[in-house]
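Input: a single structure, listed below in structure tokens.
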Amino acid sequence: LATGVGGKLINYAQTKKTDQFSESVSSGNFSGAAIALTYSCASATNKIIISAQLSTGCDHSASVSATLYIDGSVASAFVRDTEGSPYNNYRVVTVSGGKDSGDSHHGNLVVELLHTPGDTNSHTYDFRLNHNNNDTMELYLNGVEHYSNDTYRHRAMSTMTIKELAA
């Protein structure tokens, strides 16, 4: 965009995760931070675009989902209004579809959303994983349950990018 017009890229930050994160997560709960990035806006009126590509896996055959947390709390973009019975327990939405079958398959989750922090403080943005099984499952970022060092196996990586835009 032209100089002086809103939307101009001010700054950016990215983290690339190539090692494996794993955590045992019980039904209805979230893991700790699987990938995180800390960022401070140059102006309180600026907006940020948060983008992530997450390579997920889990044991058995469950789907892995991810939810964005900001400073330890679920991001407001991931909280929906209660729809009434029987959906009262489903107030946190996720980016889903991470894996559907098998114990050596990666799933791919892609997220992009606009956020207005409203200040110039440092904020930590992280994605936490959960699953759709009624048992405790081992969840992975950049990993799968039965990983081997065979030449035909791929290694996954995940990225998270923040782009700051002028208001």
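General remarks:
- Checklist (1) among the aromatic types (Phe, Trp, Tyr); (2) part of a loop (DSSP other than H, G, I, E, B); (3) modelled with pLDDT of 95 or more applied to Phe30, failing item: (3)
- Residues satisfying the stated conditions in segment 126-140, i.e. open to solvent by 40 Å² or more (accessible area, probe 1.4 Å) and either out of contact with any strand residue (DSSP E or B) (no Cβ under 9 Å at 6 or more places or on another chain) or not charged (D, E, K, R) (or both): Asn132, Asn133, Asn134, Asp135, Thr136
- For Lys99, the conditions (1) modelled with pLDDT of 60 or more; (2) within 16 Å of Ser65 (Cβ to Cβ) are fulfilled apart from (1).
- Sole residue being among the small types (Gly, Ala, Ser), at pLDDT below 85 and either open to solvent by 70 Å² or more (accessible area, probe 1.4 Å) or within 12 Å of the chain's Cα centre (by Cα) (or both), chosen from Ser122, Ser76, Ser55, Ser148: Ser76
- Considering residues of segment 12-27 that are among the hydroxyl-bearing types (Ser, Thr, Tyr) and in a loop (DSSP other than H, G, I, E, B) only, the residue least open to solvent (accessible area, probe 1.4 Å): Ser26
The values are calculated or read from the model by the stated rules, or taken from the named source; none is laboratory data. Remember, it's a predicted structure, so these values are computed and weren't measured experimentally. Don't worry about glycine lacking a Cβ; one is built from the backbone with ideal geometry, like all the others, and counts go over all protein chains shown. For the accessible areas, the whole protein counts, side chains as well, though only heavy atoms, and no ligand, DNA or RNA atoms are used. Shrake-Rupley method; radii C 1.70, N 1.55, O 1.52, S 1.80 Å.
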